[in-house]
Amino acid sequence: MEPISIGIIGGSGLYAMEALTDRSEIQLTTPFGDPSDAVIVGNLAGQRVAFLPRHGRGHRFTPSEVPYRANIHALKQLGVRFILGVSAVGSLREELVPGHLVIPDQAIDRTKGVRPATFFGEGVVAHVAFGEPVCPYLSALVSQAAHSASNTTVHDGGTYCCMEGPQFSTKAESELYRSWGCSIIGMTLLPEAKLAREAEIAYANLSLVTDYDCWHPDHDNVTAAMVVETINRNVTAAQSTIAALIPLIDPTAVYPAHSALAHAVMTAPEAIPAAARERLALLYRG
Ligand SMILES: CSC[C@H]1O[C@H](OP(=O)(O)O)[C@H](O)[C@@H]1O
Ligand SMILES: Nc1ncnc2[nH]cnc12
């Protein structure tokens with residue numbers, strides 16, 4: 001099969017991409033378990049694209065249960081070099097209004113360590129750079145696409161606070177994250193972006209604001225129903241951004257993320273156990 005350069009990971013409310021034509025479903029397995037669902041491969045804006053719903057069709061995995069490693073590995077198996085993760089997020093700033101889009105450029109990790117967050121370990125140690133948690137080059141293309149195609153207000157940059165969930169935040173937590181300068185809050189950017197970096201895939205995120213979390217005196221506290229309702233009203237903004245993004249991506253482009261492991265692996269090649277070599281074969285051959 002021809003490699004597929006572009007992967008889309010759909011979040012809450014984006015479980016399918018009707019716009020894909022000539023589509024097929026690919027059931028993949030990985031050394032890190034099975035991905036959230038079959039990967040849907042199809043044509044969009046003249047390119048083959050792979051789509052994977054993060055929580056599975058029917059929304060079956062909590063943010064802590066999403067098999068992030070298998071999802072990234074499955075896309076890597078298909079040849080994916082660019083991933084756009086789409087997310088529903090709460091707003092931590094007055095000016096980020098439900099219905100707006102945010103393309104975050106920073107992240108704070110408030111997950112609690114229950115999610116496997118690295119492909120390495122068990123005999124191989126790697127420390128990838130993560131100062132820029134998303135690929136600035138891919139994010140710039142996402143921004144261009146969103147500004148031109150989405151019909152809503154687009155905010156370039158912002159800090160995504162990734163909490164563990166599944167419960168939403170307390171008011172005190174929400175105010176704490178605001179005091180830290182966070183812009184938006186969700187439950188899934190991490191470890192997804194970390195694992196994409198380890199897999200040397202350029203990763204960007206498109207966040208759709210669905211609510212004001214629980215800090216805003218003039219808005220109701222977030223509920224899951226509120227998130228779904230806002231997503232359903234605004235999902236076309238994400239879909240048209242995706243369609244406009246595809247032709248902007250040069251499948252042969254090489255970004256720093258594509259060599260993220262070059263100076264990352266600490267373990268001497270002769271010390272790497274055979275089992276680890278086998279498990280990591282697709283990702284690392286040092
Ligand atoms: C349905 S409300 C909370 C849920 O929505 C977000 O999902 P995703 O990031 O996959 O769009 C949030 O992270 C939670 O998982
Ligand atoms: N307020 C919120 N907190 C965490 N995740 C969210 N996803 C959508 N809205 C959210």
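Here is how the numbers come out for the structure above:
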{"read-out": "Selection count, region 70-100, where residues are within 16 Å of ligand 2 (Cβ to nearest atom) and either at positive phi or in contact with a His (Cβ under 7 Å, 6 or more places away or on another chain) (or both)", "value": "3"}
{"read-out": "Residue within region 141-152 that is β-branched (Val, Ile, Thr), within 23 Å of residue 220 (Cα to Cα), more than 13 Å from ligand 2 (Cβ to nearest atom) and in contact (Cβ under 8 Å) with a residue 12 or more places away in the chain present", "value": "yes"}
{"read-out": "Which numbered condition residue 125 misses (of (1) of a type in the set (Val, Ile, Thr); (2) under 23 Å from residue 92 (Cα atoms); (3) away from ligand 1 (no atom under 16 Å from the Cβ))", "value": "(2)"}
{"read-out": "Count of residues meeting criterion [open to solvent by less than 70 Å² (accessible area, probe 1.4 Å) and in contact (Cβ under 8 Å) with a residue 60 or more places away in the chain] in region 250-264", "value": "8"}
{"read-out": "So residue 228, is it open to solvent by 50 Å² or more (accessible area, probe 1.4 Å), closer than 20 Å to residue 98 by Cβ and within 11 Å of ligand 1 (Cβ to nearest atom)", "value": "yes"}
{"read-out": "Condition check for residue 157: exposed (fewer than 15 other Cβ atoms within 10 Å of the Cβ), under 30 Å from residue 273 (Cβ atoms) and more than 16 Å from ligand 1 (Cβ to nearest atom)", "value": "no"}
{"read-out": "Residue match in region 256-263 (condition: under 24 Å from residue 120 (Cβ atoms) and more than 20 Å from the chain's Cα centre (by Cα))", "value": "yes"}
{"read-out": "Residue 109, sole failed condition from (1) within 16 Å of ligand 2 (Cβ to nearest atom); (2) open to solvent by less than 30 Å² (accessible area, probe 1.4 Å); (3) under 17 Å from residue 205 (Cα atoms)", "value": "(2)"}
{"read-out": "Options 25, 65: the member that is out of contact with any helix residue (DSSP H, G or I) (no Cβ under 8 Å at 6 or more places or on another chain) and either assigned to a strand (DSSP E or B) or open to solvent by less than 40 Å² (accessible area, probe 1.4 Å) (or both)", "value": "25"}
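Residue-by-condition table, conditions (1) farther than 14 Å from residue 85 by Cα; (2) in contact with a Ser or Thr (Cβ under 8 Å, 6 or more places away or on another chain):
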site	(1), (2)
160	no, yes
166	yes, yes
170	yes, no
204	no, yes
220	yes, no
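The values are calculated or read from the model by the stated rules, or taken from the named source; none is laboratory data. Keep in mind the model is a prediction, meaning the values are calculated, not measured. Methodologically, a virtual Cβ is constructed for each residue, glycine included, from the backbone with ideal geometry; neighbour enumeration extends over all protein chains shown. All accessible areas refer to the heavy atoms of the entire protein, side chains included, with ligands and DNA or RNA removed. Shrake-Rupley method; radii C 1.70, N 1.55, O 1.52, S 1.80 Å.
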